[in-house]
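J.: For reference, the structure I am asking about is given below.
The values are calculated or read from the model by the stated rules, or taken from the named source; none is laboratory data. The shown structure was predicted, so the numbers you read here are calculated from the model rather than taken from an experiment. FYI the Cβ positions are ideal-geometry reconstructions off the backbone, even for glycines, and counts take in every protein chain you see. To get the accessible areas, we keep the full protein, side chains included, count just its heavy atoms, and leave off ligands, DNA and RNA. Shrake-Rupley method; radii C 1.70, N 1.55, O 1.52, S 1.80 Å.
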Amino acid sequence: MAAKLRKGDTVVVLTGKDKGKTGEIAAVMPKDNKAVVDGVNVAIRHTKQSAASQGGRLPKAMPIDLSNLSLVDKNGKATRVGFRVEGDKKVRYAKTTGEAI
């Protein structure tokens, strides 16, 4: 099945402790059905100091399930994603506005 949400999409969180927050998708893990969103579902991770980086308590964005995310359309509202064929290409479109993404 084609991916409805992709890296770089702006999404809003529908449920959970970060409900209502928006952010950009940094990574998608289709096999786990999860995505990492910048600034959402942040946890503190204790890391050991190394030559490359200083250790300490560092915030890290943790994966969130794709079912808890929804794409943001041009009006700033959550929308579902559909697919249609335009010419010879399959494109994603926002169901609220009908506009291609």
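J.: State the number of residues belonging to region 76-89 that are part of a strand (DSSP E or B) and surrounded by 10 or more Cβ atoms within 10 Å (Cβ to Cβ).
T.: Matching residues across region 76-89 total 6.
J.: When you check Asp73 against the structure, is it touching a residue at least 24 places away in the same chain (Cβ under 8 Å), open to solvent by less than 50 Å² (accessible area, probe 1.4 Å), farther than 21 Å from Pro30 by Cα and in contact with a strand residue (DSSP E or B) (Cβ under 6 Å, 6 or more places away or on another chain), yes or no?
T.: Yes, satisfied.
J.: State whether the residues of region 1-14 include one that is more than 25 Å from Thr96 (Cα to Cα) and either assigned to a loop (DSSP other than H, G, I, E, B) or touching a residue at least 12 places away in the same chain (Cβ under 8 Å) (or both). Walk me through how you get there before you give the answer.
T.: Let us first name the residues in region 1-14 that are more than 25 Å from Thr96 (Cα to Cα), namely none.
No - not one qualifying residue is present in region 1-14.
J.: Somewhere in region 43-63, is a residue at pLDDT below 95, surrounded by 10 or more Cβ atoms within 10 Å (Cβ to Cβ), in contact with an Asp or Glu (Cβ under 7 Å, 6 or more places away or on another chain) and part of a loop (DSSP other than H, G, I, E, B)?
T.: No - not one qualifying residue is present in region 43-63.
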